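To start, the structure itself, in structure tokens.
The values are calculated or read from the model by the stated rules, or taken from the named source; none is laboratory data. None of the values given here were measured: they were computed from a predicted structure. Using ideal geometry, Cβ is built from the backbone for each residue, glycine included, and neighbour counts are taken over all protein chains shown. Side chains included, ligands, DNA and RNA excluded: accessible areas come from the protein's heavy atoms. Shrake-Rupley method; radii C 1.70, N 1.55, O 1.52, S 1.80 Å.
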Amino acid sequence: MFDPSVYAARRKALLDRIGRGVVVLPSVPLATRNSDVEHAHRQHSDVYYLSGFDEPDAVLVLSNVHAEHQAVLFVRPKNREREIWDGFRHGVEGAVGTFGVDAAFPVSELEQRLPDYLEGAGRLHHELGEHTEFDGQVLRALHLVRMRCRRDGRTTPTEIVSTQVSIHEMRLVKQEAELALMRRANAITTEGHLAAMRVSRPGRFEYEVEAELLRAFRGGGAERPAYDSIVGSGPNATVLPYRRNDRQMQDGDLLLIDAGCEFGYYAADVTRTFPVNGTFSPAQRDLYEVVLAAQDACIAAVKPGATMDGVHQVAVRVLTEGMIRVGLLQGSVDAAIESGSYREFYMHRTSHWLGMDVHDVGSTFLAGAPRPFAPGHVLTIEPGLYVALDAAVDERFRGIGIRIEDDVAVTLDGHENLTTVPKTVADVEAAVRAGG
Ligand code: GLY
Ligand code: MN
Ligand code: MN
């Protein structure tokens, strides 16, 4: 059952935070795929976070100035004919009755009504540049209300402020109900990865594995994958954003799967790498153990006060030590870190925030310095090693790509790993062999 009180509490917290302001948040415009076919709609995360309303063509206006109209939704009105073609609409009545806003109007009335909501506000909170057509509408309303009010001295917004400093700061700190959704997204994602491990074997195609992931995600009640699943076997595992997923897997390949579902608008983002025949080769195993040791060390470092930058430095150090030990790099650890030579095999960052967006909102810096973790922050830990086919290293390492990625929440005194997919060598091999 939909509970509007969660969203009302967030709106109140936002309005308490911003003083005499007005917030204007449009939904994501529908994108044409081709001719009259559209890409699937997903509500803008900010709009969903503050309303739970998931229809397109909506605008949420929040105000501290208009006491009777603190939360207003502009929506597509009920329309029997259109609903036959486009599906159910809550309409103006449902926006108020179900979603608990103070007032609702047809979205066609936005142009006429928006100036009224801007009147009296000191600041306008709006993300300029994200949706330029809508920016035009907001700026026209601002101009109109300024013209109108300069005659009698009423206040109009003198500043336009990014939602980064208000809504995104709130979204960065996950409440218990949000963490529960993220645990659920991870539990479904685990089912997907386990199913993927079971069906993987030499001769199968990457897309057959992708299909298992999707079946588990949708079958588990997830709305959609949180991002396009990466299913890269053999050398494809060294292509960071590999998405073709169309190669036939060979005996002796590793398979890298980076896939997570979205449940209740919250993302899981999980990577596992495993041998499709159920047994790591000695070279694969050597590199895998290096990546796993780096990941374990990074996760152990997550606690209040630590930083993403600090965690990345842990990853770089443990990976570089391992690369020197197995012979991918020569010389001293400090020299390899200093010169950046490790970047030939580890070229990305170790973490990003995770939440409603897979690369979630929230600054990683505060006043120019790395931001200290606080309880409720959720981040990924995803070290990897990628050896190009033509790398000037021992042949047995060439074409190996490995990444291990978990989702970790910062708690009062440490962390909670939300991800539950097996990852030790023995557990991964057992999970693949369980497919027979
Ligand atoms: N799946 C995207 C990422 O790991 O950042
Ligand atoms: Mn990922
Ligand atoms: Mn990630």
Gain in length, R148 to A430, computed as 0.36 nm per residue apart minus the alpha-carbon separation, to one decimal in nm?
94.4 nm
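Counting each DSSP H run of 4 or more residues in the chain as -39500 (n - 2.57), what helix-only mean residue ellipticity at 222 nm follows after dividing by all residues, to the nearest 500 deg cm²/dmol? Don't skip to the end; give the middle numbers.
Details: 13 runs with 162 residues, N = 436.
Roughly -11500 deg cm²/dmol at 222 nm, from the helical runs in the chain.
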Hey, for a label at S108 modelled as a point 7 Å past Cα toward Cβ, could you say which residues of the stretch 46-82 have their backbone N under 14 Å away?
75-82
Under Karplus coefficients 6.51, -1.76 and 1.60, residue-wise ³J(HN,Hα) of the stretch 336-349 in Hz, glycine/proline x:
5, 6, 4, 7, x, 5, 4, 5, 4, 10, 9, 10, 10, 6
Of all the Cα-Cα pairs you can form in the stretch 1-124, what percent are over 20 Å apart?
43
Highest mean first, what order results for 396-406, 239-249 on Cβ atoms within 10 Å?
396-406, 239-249
From the phi angles alone, apply the Karplus equation (6.51, -1.76, 1.60; θ = phi - 60°) to the stretch 136-148 and give each ³J(HN,Hα) in whole Hz, x where the residue is Gly or Pro.
x, 5, 5, 5, 5, 4, 5, 4, 4, 6, 5, 4, 5
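So, with +1 on the Cβ of K and R and -1 on the Cβ of D and E, and no other charges, what is the size of the charge dipole of the stretch 2-122 about its Cα centre, to the nearest 20 debye? Each step should come with its number before you reach the end.
Values: 13 positive and 18 negative charges, 61 e Å.
Once rounded to the nearest 20, the dipole reads 300 debye.
Keeping all protein chains in place, calculate the accessible area per residue for the stretch 143-207 (probe 1.4 angstrom), answer in Å². Display every interim value, and only then the final one.
Details: 3190 Å² over 65 residues.
Heavy-atom accessible area per residue stands at 49 Å².
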Normalised alpha carbon radius of gyration of the chain [divisor 2.2 N^0.38 Å]:
1.12
How about K423: which lysines have a C-alpha closer than 27 Å to its C-alpha, ignoring those fewer than 8 places off in the same chain?
K174, K303
Using unit Cβ charges (K, R positive; D, E negative) and no other charged atoms, how large, in debye to the nearest 20, is the dipole of the stretch 358-435 about its Cα centre?
100
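In square nanometres, what is one fourth of the surface area of the convex hull spanned by the alpha carbons of the stretch 102-221? All intermediate terms of the calculation are to be shown ahead of the outcome.
On the way: hull surface 48.3 nm².
It is 12.1 nm².
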When the dipole is taken about the Cα centre of the chain, and only Lys, Arg (+1) and Asp, Glu (-1) are charged at their Cβ, what size is it in debye, to the nearest 20?
580
How many Å³ per residue does the convex hull of the Cα positions in the stretch 146-208 occupy?
179
Give me, ordered by chain and number, the residues 5 or more places off T307 or on other chains with an amide H under 5 Å from its own placed amide H.
F373
Report, to the nearest whole %, how much of the accessible area of the stretch 175-216 belongs to carbon and sulfur atoms, 1.4 Å probe, protein only.
57
Under 5 Å between amide hydrogens, which residues at least 5 positions from H125 or on another chain qualify, with H placed 1.01 Å from N in the peptide plane?
V22, V23, V24, V161
Need one value: the accessible area of H131 in square angstrom, 1.4 angstrom probe, rounded to the nearest 10.
40
Run the numbers for R42 and D135: contour at 0.36 nm per residue of separation, minus the present Cα-Cα distance, in nm.
31.5 nm
I want to make sure I understand the PRE zone here: with the label point 7 angstrom from the Cα of A31 toward its beta carbon, which residues in the stretch 206-246 have backbone N atoms less than 15 Å away?
225-229
Whole-angstrom Cα spans of the stretch 26-72 along principal axes, big to small:
44, 16, 11
Each residue of the stretch 93-104 in order: what ³J(HN,Hα) in whole Hz does its phi give by Karplus 6.51 cos²θ - 1.76 cosθ + 1.60, θ = phi - 60°, with x for Gly and Pro?
5, x, 4, 7, x, 8, 9, x, 7, 6, 7, 9
Share of pairwise Cα separations in the stretch 330-436, more than 23 Å, in percent
50
Would you mind putting 268-274, 87-93, 361-367 in packing order, based on average other-beta-carbon counts within 10 Å, highest first?
268-274, 87-93, 361-367
Under the definition of Cα pairs under 8 Å and six or more residues apart, what whole-number percent is the relative contact order of the stretch 343-387?
53
